Every structure is written in structure tokens, then in C-alpha cells.
1. Go through (1) surrounded by 17 or more Cβ atoms within 10 Å (Cβ to Cβ); (2) within 30 Å of Ala164 (Cβ to Cβ) for Arg59 and report which single condition fails.
2. Output the number of residues of the stretch 71-87 satisfying the condition of being closer than 19 Å to Ser127 by Cα and of a type in the set (Val, Ile, Thr).
3. Name the single residue that is modelled with the lowest pLDDT among those in the stretch 35-48 being within 16 Å of Met150 (Cα to Cα) and either touching a helix residue (DSSP H, G or I) at 6+ places or on another chain (Cβ under 8 Å) or surrounded by fewer than 17 Cβ atoms within 10 Å (Cβ to Cβ) (or both).
4. In the stretch 153-170, how many residues are buried (at least 18 other Cβ atoms within 10 Å of the Cβ), of a type outside the set (Ser, Thr, Tyr) and within 29 Å of Asn76 (Cβ to Cβ)?
5. What are the residues in the stretch 13-30 that are crowded, with 17+ Cβ neighbours inside 10 Å and modelled with pLDDT under 95, if any?
6. Looking at the stretch 147-163, can you tell me whether even one residue there is at pLDDT 90 or above, in contact with a helix residue (DSSP H, G or I) (Cβ under 7 Å, 6 or more places away or on another chain) and not β-branched (Val, Ile, Thr)?
7. Out of the strands (runs of 3 or more DSSP E) lying entirely within the stretch 31-133, which hold 2 or more residues that are small (Gly, Ala, Ser)?
Amino acid sequence: MGNEQDASARNDNRHSHIGIRLGCRVGESWLHVEAKGWNEVGFNFFSDQSISSTALEFRRGLTRFDGTVVWRDINNDDTVVLTALINALIYRRANEVVASNAALHKRLIKLVRTPDLLEQKRGLLASLGVALGDTQVTAMVEQRKRDHPMFHYGVKVESDAWRAIVTEALRLSSVVVSLEKWSGALLQRPDGTFP
């Protein structure tokens with residue numbers, strides 16, 4: 001009976017339209033992770049650190065909860081690796097301008113925290129003097145996969161605190177989706193096209 005419940009929980013709707021930023025305790029330090037494919041019973045996340053522990057502590061703000069790693073894998077998805085590389089390059093640029101241009105620093109940090117947008121991020125890097133050709137990107141991704149593999153973890157959670165985080169994330173994301181639909185409808189021309 002327990003296995004049937006576990007199987008149905010794994011098949012419940014999972015959400016990745018927004019990531020949920022969390023802290024994950026690894027030893028005595030906190031690692032920043034982003035929950036993907038999340039629902040009330042768990043989530044998965046990527047990390048460049050190999051985490052051997054099965055029982056993990058997570059936090060979001062002041063809220064803490066425990067989770068159990070139920071699977072782990074080495075990620076070979078080039079897009080995930082490229083995203084990490086591009087974000088690291090933007091983060092490095094942000095740190096270079098923190099003293100001279102606080103507004104640019106803030107925008108760059110916000111961009112790093114925005115999922116996806118790889119082509120836009122590459123375009124921004126090019127405008128900041130870091131143009132990356134496709135051959136160079138391929139070589140960087142392969143080098144990174146050899147030197148610093150990305151690990152993928154699946155976490156099961158049985159916690160009212162986590163369920164409250166999920167409920168809030170769904171509430172906030174539904175507001176954002178509704179606003180996007182509403183603003184899109186306002187921009188739409190009578191013939192159904194957009195300006």
C-alpha cells in the first residue's frame with residue numbers, strides 16, 4: 001500500500017514554471033539551490049557539489065524543513081551546464097562593477113537569478129565585451145562537464161512547512177500568469193495580432 005502511495009505522489013503534477021530558491025545545509029555551510037519539478041511531496045535540484053548525505057535540511061527565509069534524497073544522478077544536459085557557465089560569467093562581471101555602477105550590478109545579479117534566457121544572456125555578455133562563439137561555448141561546456149560535473153538530486157519531503165511554501169509559490173505564480181495573460185490581452189490588436 002505504501003508503495004502505491006509513493007508512486008501516485010511521484011506522478012502528481014510537478015511544477016517548473018517557476019523555481020523555488022532554497023538553502024540546503026551541506027556540512028556546516030549552506031548551499032543555494034533552486035527547486036525544480038516541485039510539488040507537495042518533493043522536488044529536484046542541480047548542484048555542482050556531490051552530496052553524499054541522504055537526509056538534508058533545507059530553508060526558505062526563516063522556514064526550515066527536512067528532506068530525503070531518493071535519487072541522485074550526474075547531469076549530462078549541456079543546457080544546464082551552459083546555463084551555469086553563463087550565469088557564472090555574468091556574476092563575475094557584476095562583481096567587477098559593484099563599486100562603479102551599483103544599478104548595473106543590481107540588474108546583472110537579477111539576471112543571474114532569472115532562469116533560462118540563454119541567448120539574451122549571451123547577448124548581454126557580448127555587449128559587456130565577452131563574446132562567446134558556438135565553438136568556444138561547446139568547448140567550455142565539455143571542459144566544465146569533465147572538471148566540475150553537475151549533480152542532480154531528487155528529494156522527498158513530508159513537511160507542513162514545505163507544503164506551505166508550495167501553496168504560496170502556486171498562489172504567487174498564478175497571479176503572475178494572470179497578469180501576463182491580462183497584459184497580453186490589452187496589447188492584442190482587434191485582428192488578434194500583437195504590436
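The values are calculated or read from the model by the stated rules, or taken from the named source; none is laboratory data. Given the structure is predicted, the values throughout are model-derived calculations rather than measurements. Backbone-built Cβ (ideal geometry, glycine too); neighbour counts: all protein chains shown.
1. Condition (1) is where Arg59 drops out.
2. 2
3. Checked the stretch 35-48; the qualifying residue modelled with the lowest pLDDT is Asp48.
4. Result for the stretch 153-170: 5.
5. Of everything in the stretch 13-30, those that are crowded, with 17+ Cβ neighbours inside 10 Å and modelled with pLDDT under 95 turn out to be His15, Ile18, Gly19, Ile20, Val26.
6. no
7. 42-47
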